[in-house]
Structures are given as structure tokens and as C-alpha cells.
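Comments concern the structure below.
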Amino acid sequence: MSVFPVYTSSRGTIAHQARVSKGKSLARLLKEARVRTITLLADYVAALGPELRVPRRPEINPPLWELGHLAWFQDWWIGRNPHRYRGLQANRDIQRLLSSFVQADAFYNSSLVPHETRWTLPLPNLHETQVYAQDALNRTLEYLQEIETLGESNAQAIEEAHYFFRLVLFHEQMHAEAAVYMAQTLGIPLSKHHTRELGPANAEPANPKVLTVPAGRYVVGWTGAGFAFDNELSPHERTVAAFEIDDKPVTWGSYLGFLAKSGHAIPHVLKNTTSGWQIQCFKHWQALDLNSPVSHVSWWDAMAYCIWSGRRLPTETEWEVAARIHNDFEWGQVWEWTSSAFLPYEGFKAHPYADYSEPWFNERKVLKGASWATAPEMQHPAYRNFYLPDRRDLFAGFRTCAQ
């Protein structure tokens, strides 16, 4: 069997560009990510007031802590990091420079501050936190400009020098998406540019098309230049048996049939009214589009559907291969559960931000793709998302394969 050529979709092209971005291009992306953070925060303030109090729940963080954490993360890896330009060669344990906020490490280091204590910390107020966040971004942009003074004689050194700047970009984009699904969980209305338009409510259910993937040896993992997350490395070949996979995720039209015939629990985002099924969209309820993909379902819900329908979830390898080689493979509206446990690729080496992947291996499941709330710069077939299988607050659905 031979290695089949790898296809990269147009959606993945934007992610490629972000991962190799530098100079003014990277500065623009950092500023755009912060604009999204601040405008989302404004929606929270409008709904909750400047104190931003939210109930203590295991799947969310206090919004005020989130903003402080973003600032701390930038400062920890760039502003206060003597090895800010060394990338993967940096000593993760090097003594950091002093913070402009004395208690920053005690409040915002997510590796050391237990989740359940974040509601009781004496955090600075909204204005003080915003100033801290802006200061951290300003320092990040100043240090990014300094890379230009390093010269072009050592391409590898220049590449390493951009590593942490790209890391903080993607970190902020992840937290922005988390702010969107947290707003959904709490019923907080968001501005129109932070939401999506739903399809027509009376759409007739459409059956998925079958895509066939031939047997072969395929390359999986991040194969491009520039930044890569540690769990995406190293790219390698895997033998894949021939399989058939749906061209799109399971829709509400199909899932409602499963609910009616199996007696499975109705998702918390749905309700049946005299005028038909409705779906929660942040604070409001809207008529359900039967052709839109299922969301807010757990890995267990997905497995129950597969058992009922005589289908199965794809492995993460199958999902990635299908997305790479088929132009008709539709993805990007919801994250998609796979059957695979989140495990390291052979030869895994943790990057300086060691707590990104390594602590979460084995117990979590891999989700592939992206949701409508995912920044375009994060959307690539090689990206591996990972959550506990019982999570239902995510914009997550699934697609199926033939047994």
C-alpha cells in the first residue's frame, strides 16, 4: 500500500498562515484576538455588571479571572520570560522577572491555582484587570518588534523567536471560544457578531452522503512549517483500512428520530413546544433547523446514537484522513467526537508549556474539526481538541462511519 497524497482544505490554509505568521502579520492577529476578547467581555459586563459574578460550576471560570489569566499567560511566556526568544529551546523553569502585579502568579497560574478556588480569590476589579491585560499586550507587541533586530542570518533562530508569540495568540483564541460556550451555558446574550445565524426552521431533513476512503498508509499530524502544538507532533504514517464515512455531522433531524425511538435523554438545549422543537441560543429560544448539526451532546450520547443506528464513530485518524482527501467532507460547524482516547503520538515530547497536553492523556476523548465559534486560525484537520466524555456544554456533535 502506498501513501496517498494529503489534501489541505481552504479552511486549513488560514491556520497554516497563522502558524507561520511573523512581524506585522502576527501583531495584527494578536490585536484582533484581543479585540474579540474585549468585545466578548463587554457583552458579559452588559449582562452581569462590572463585578462579573457567575455561579461556581466545574465547566466554567469566573470571567474576571479569565481576563487576568490571559494577561498573566502573555506576561509569563513573553514579558517576564528571559528565554522569550528561545522557543522550544527555552528553559520552562527559568526564574521569571517580577510582575507589574505582585500577586499575579498566586492568582492566575492555572497550573497551580485549583479551579474551585478561583471564585474566592481577592481579584483586582474590572478596570485594574483591563489595565493589566493591556500592559501585557503592549509588552508582547514591543518584544515582537524586537525580533526584527535579530537579523535574518539564522532562520532557525528567527523561527524559534516567534514560538511563544504564536502560542499566546492561539491561547487567547481558545479562551475566546470558551467565553462563547460559557455564555451559552449561562444564558448570557451576545452581540450579533459573536453569534451565528441559524437556518430555516422548517427545513426537511437531508440524508448524509457516503464518502469512501480507500485503504492505504496516510500521513497524520502537523506536517507544515511554523508553530505546532506538542500533541500534533511528530507527523507519521498510519495504515488505515478502507472505510465509509458520512460527508457531514449527524443532524437534529436524524437525532430527533433516535430520541423518539430510543427514549434517550433530550439534550438540555432542546424543548418541544406546541409550535415544534426549539433550541436554546444563548438567552433566547429559536425554532430548530432539522438540517443543522447536533450540538451540546456528550461522547456517551454520540455512542448511544451509534449503537442504536448500527453505526460507529470514526477514529481520529479516520476523521483527519477523510478531511484531508475529500473536498466534499463538510466540517467546521461543531466539534466532532471521535472514538479515540487522547494519547500522545510516538516520540511525544512536551513543549515548554508542559501542562497543555501531558496531564490530560488517557482520560479524555479527541474531538476533531472546529465549531462555528472557533477562530479561523485554529481550524485545521491536524488540530486535536480533547475533553472528558461527559461534557455537554461544548458546541460538539459527531458524524458516523459504517460498521
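Each value in this text was obtained by applying a stated rule to the coordinates, not by laboratory testing. Because the structure is predicted, anything quoted here is derived from the model rather than measured. Cβ coordinates were reconstructed from backbone atoms using ideal geometry, including for glycine residues, and neighbour counts include every protein chain displayed.
The share of alpha-carbon pairs in segment 303-403 lying farther apart than 18 Å comes to 50%. For the pair segment 332-403 and segment 232-288, the centres of their Cα atoms are 17 angstrom apart.
Taking Cα atoms only, the orientation of helix 163-186 departs from the longest principal axis of the chain by about 50 degrees.
Beyond 33 Å, the tail of the calculated P(r) for the chain holds 35 percent of the Cα pairs.
Remark: segment 210-402 carries a charge dipole of roughly 480 debye about the Cα centre, counting +1 on each Lys and Arg Cβ and -1 on each Asp and Glu Cβ. Rounded to the nearest 20 debye, the dipole size of the chain about its Cα centre is 400 debye, using +1 on the Cβ of Lys and Arg and -1 on the Cβ of Asp and Glu.
The residue list Trp222, Ile158, Ile147 was ranked by how far each Cα lies along the charge dipole of segment 111-234 toward its positive end, using unit charges on Cβ atoms, and Trp222 comes out on top.
This model, with +1 at the C-beta of Lys and Arg and -1 at the C-beta of Asp and Glu, gives segment 199-300 a dipole about its Cα centre of some 280 debye. If you take the alpha carbon atoms of segment 49-105 and fit the smallest convex hull around them, that volume is 115 Å³ per residue. Residues of segment 151-191 with an amide N closer than 17 Å to a point placed 7 Å from the Cα of Ala225 along the Cα-to-Cβ direction: 151-163, 166. Taking every C-alpha pair closer than 8 Å and separated by at least 6 residues, the mean separation divided by the residue count of the chain gives a relative contact order of 21 percent. For all pairs of alpha-carbon atoms in segment 210-402, what percent lies in each bin of width 5 Å, listed from the first bin to the last filled one? Calculated P(r), rounded to whole percents: 1, 7, 16, 20, 20, 15, 10, 6, 3, 1, 0, 0. If R0 equals 30 Å, the separation of the Cβ atoms of Ala304 and Ala242 corresponds to a calculated FRET efficiency of about 0.70. The Stokes-Einstein estimate for segment 168-323, based on a Kirkwood radius over Cα pairs and taken at 37 °C with 0.692 mPa s viscosity, is a diffusion coefficient of 178 µm²/s. Set the Förster radius R0 to 22 Å, insert the Cβ-Cβ distance between Ala402 and Asn207 as r into 1/(1 + (r/R0)^6), and round the FRET efficiency to 0.05. Rounded to the nearest 0.05, the efficiency is 0.95.
Toward the positive end of the charge dipole of the chain, with +1 on the Cβ of Lys and Arg and -1 on the Cβ of Asp and Glu, the farthest Cα among Ala15, Pro50, Ile266 is that of Ile266.
Residues Asp328, Asp301, Asp230, Asp75, arranged from fewest to most other Cβ atoms within 10 angstrom of their Cβ, appear as Asp328, Asp230, Asp301, Asp75. Two numbers describe the Cα atoms of segment 11-194: Rg and Dmax, which are 17.0, 53 Å. Of the residues Ala90, Trp77, Thr37, the one whose Cα sits farthest towards the positive end of the charge dipole of segment 36-110 is Ala90 (charges of +1 on Lys and Arg Cβ, -1 on Asp and Glu Cβ, taken about the Cα centre). For the chain, the mean residue ellipticity at 222 nm estimated from helices alone is -11000 deg cm²/dmol, where every DSSP H run of n ≥ 4 contributes -39500 (n - 2.57) and the total is divided by all residues, rounded to the nearest 500. Between Val35 and Ala215, residue separation times 0.36 nm minus the direct Cα-Cα distance comes to 60.3 nm.
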